[in-house]
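Worksheet: one structure, shown below.
Read-outs throughout are calculated quantities, based only on the coordinates presented, and are distinct from any laboratory measurement. What you see is a predicted model, and the numbers here were worked out from it, not measured in a lab. A quick note on method: Cβ atoms are made from the backbone with ideal geometry, for glycine too, and the neighbour counts reach across all protein chains shown.
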Amino acid sequence: MKMEKYIRAPLDTETISSLKAGDFVYISGTIYTARDAAHKRMSEALAGKGALPIELKNNIIYYLGPSPAREGRVIGSAGPTTSGRMDKYTPALLDLGLKGMIGKGRRSKEVKEAVVRNGCVYFAAIGGAGALLSKAIKASEVVAYEDLGTEAVRKLEVENFPVIVVMDADGNDLYEKTAENRNDG
Amino acid sequence: MRTIETTEITKQIKEMCIEANYFLPLDMKRAIEEAKDAETSKIGKHILGKLCENMQIAGEDMIPICQDTCMAVIFAEIGQDVHFEGGYLEEAINEGVRQGYQEGYLRKSVVGDPLIRENTKDNTPAVIHYQIVPGEQVKITVAPKGFGSENMSRVYMLKPADGMEGVKRAVLTAVKEAGPNACPPVVVGVGVGGTFEKCAVLAKQALTRPVQEFSKVPYVREMEQELLRKINETDIGPGGLGGMTTALAVHINTYPTHIAGLPVAVNICCHVNRHVVRVL
């Protein structure tokens with residue numbers, strides 16, 4: 001059964017285990033953004049034993065590079081980018097305590113294994129709905145890699161940010177479901 | 001002979017970059033709205049409804065439809081009796097892109113070198129395709145292209161023996177591999193014939209055709225209709241989460257080719273299929 005659930009970020013184990021592929025979820029709380037260039041830098045930091053710019057434990061990373069904010073606004077357009085480009089870097093972050101990811105599109109076998117191994121969750125936001133999604137973002141602050149421009153790491157305060165569970169902690173993948181078993185009557 | 005100031009080109013390009021990223025062409029908007037009404041999957045209908053809401057917010061609140069405001073792709077059809085004055089045309093076009101992306105609060109998504117990857121911070125350079133045509137007009141098409149779908153586009157060098165069935169198979173393969181990554185519902189631009197690079201440009205041009213306006217060539221039109229039906233039977237659906245709306249249109253452009261070859265390019269575009277056309 002598809003469910004509507006309201007959850008807080010950072011995540012806790014109980015919340016994650018209650019989420020099932022296909023659930024409509026509304027996230028409130030604090031999440032972080034990082035996309036290609038920030039992932040590369042975080043990976044380099046880990047390889048060099050450097051410090052990561054954000055605490056990963058129990059947190060959610062949103063694969064987002066927003067458009068610039070107009071004066072007096074929090075953020076510009078703010079929809080998800082394709083998650084698969086982060087696959088190379090993701091298992092290491094999940095093994096270090098990252099619990100959730102928001103993006104769009106398929107993930108690799110290695111990411112799925114790391115999601116199951118660590119009890120994590122992968123959400124999709126609606127691709128190409130950046131104007132709508134920006135309305136759920138109440139505050140935005142660059143916290144690392146400012147020189148990367150749109151690709152900097154941002155700390156976001158979100159309120160009922162709408163996502164769909166694509167991959168739950170048991171490894172169920174909504175993209176692999178067919179019309180027969182999607183429960184979408 | 002007609003003289004056009006290149007400052008006029010800059011001004012037009014600037015306005016067109018902004019318009020394209022905030023307002024979808026009416027044919028695209030209508031196609032998404034119709035798909036929402038027709039969609040039978042609950043989750044698919046939900047997502048299409050959100051896309052309609054998104055388009056409305058974008059126009060009313062002046063927030064770009066998508067945060068990926070693209071690399072600017074520009075087709076310039078230049079009448080051979082036109083003379084440009086005031087500076088180098090290509091620089092005038094890039095200046096228009098620069099001003100549009102700055103003043104329009106559009107995302108700067110271009111890196112200056114594909115491997116060093118430093119952002120140029122003004123979204124230049126654009127990708128520009130020039131064509132010299134008869135007359136003394138200039139027709140400019142600004143078709144910004146997002147990379148979620150660009151990354152899922154493909155070129156296949158088929159054999160002549162693969163024929164029409166081979167082309168259809170290639171298109172279906174590309175769309176299935178793209179799946180949820182390309183932000184469906186998509187528009188599929190297909191280029192058949194020419195050379196390796198020609199078919200890719202044909203496919204890109206096919207995306208700028210008014211959506212659901214089929215080819216005037218009877219056999220091509222039939223292929224477009226058959227492919228659209230087959231793509232929408234894949235159940236990829238809106239957002240890749242299931243449904244009957246995987247593509248809004250399939251547009252195929254063809255060109256003569258070599259006796260030994262059958263090049264096919266499949267350029268996939270997300271539902272934010274942006275293009276603005278102006279004739280000067």
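Quick look at the numbers
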quantity	calculated
Peptide B:269-279, shielding by other chains (average Cβ, 10 Å cutoff)	1
Averaged over A:63-74, number of beta-carbon atoms from partner chains that fall within 10 Å	4
Peptide ranges B:55-63, A:48-56 listed from the most packed, as the mean C-beta count within 10 angstrom indicates	B:55-63, A:48-56
Ranked A:LYS57, A:LYS112, criterion: other C-beta atoms within 10 Å, fewest first	A:LYS57, A:LYS112
Rounded if a/c under 1.5, otherwise prolate or oblate - the range A:70-185, Cα gyration tensor axes	oblate
B:PHE84 versus A:LEU46: modelled label distance in nm, points set 7 Å from Cα along the beta carbon direction	4.7
Antiparallel content of DSSP bridges confined to the protein assembly as shown, in %, to 5	55
Span from the the range B:79-125 Cα centroid across to the the range A:11-71 one, whole angstrom	32
Likely footprinting exposure, B:HIS258, B:HIS46, B:HIS271, fewest C-beta neighbours within 10 Å first	B:HIS258, B:HIS46, B:HIS271
Whole-number D in µm²/s for the range A:4-167 (Stokes-Einstein; Kirkwood sum over Cα pairs; 37 °C, 0.692 mPa s)	211
Simple label model, 7 Å out from Cα along Cβ direction - B:TYR130 to B:ARG221, nm	3.6
Cα shape, the range B:154-203, gyration tensor, a/c 1.5 rule	oblate
Three-way shape label, chain B, alpha-carbon gyration tensor, a/c 1.5	oblate
Using a Förster distance of 25 Å, the FRET efficiency for A:LYS88-B:THR173 (Cβ separation, nearest 0.05)	0.55
Among B:SER41, B:CYS199, B:GLY96 - extreme Cα towards positive end, dipole of chain B, charges at beta-carbon	B:SER41
Pairwise Cα inverse-distance average, inverted: Kirkwood Rh of the range B:49-106 (Å)	14.1
Dipole magnitude (debye, nearest 20) for the range B:104-184, charges at Cβ of Lys, Arg, Asp, Glu	200
Local electrostatic count, B:THR124, Cβ distance below 11 Å [Lys/Arg +1, Asp/Glu -1]	-1
Charge sum, other residues only, whose C-beta stays under 11 Å from A:VAL111's C-beta, Lys/Arg counted +1 and Asp/Glu -1	+2
Net charge contributed by nearby residues that have their C-beta within less than 14 Å of B:GLU165 (K/R +1, D/E -1)	+1
Cβ charges +1 (Lys, Arg) and -1 (Asp, Glu), total dipole of the range B:147-272, debye	180
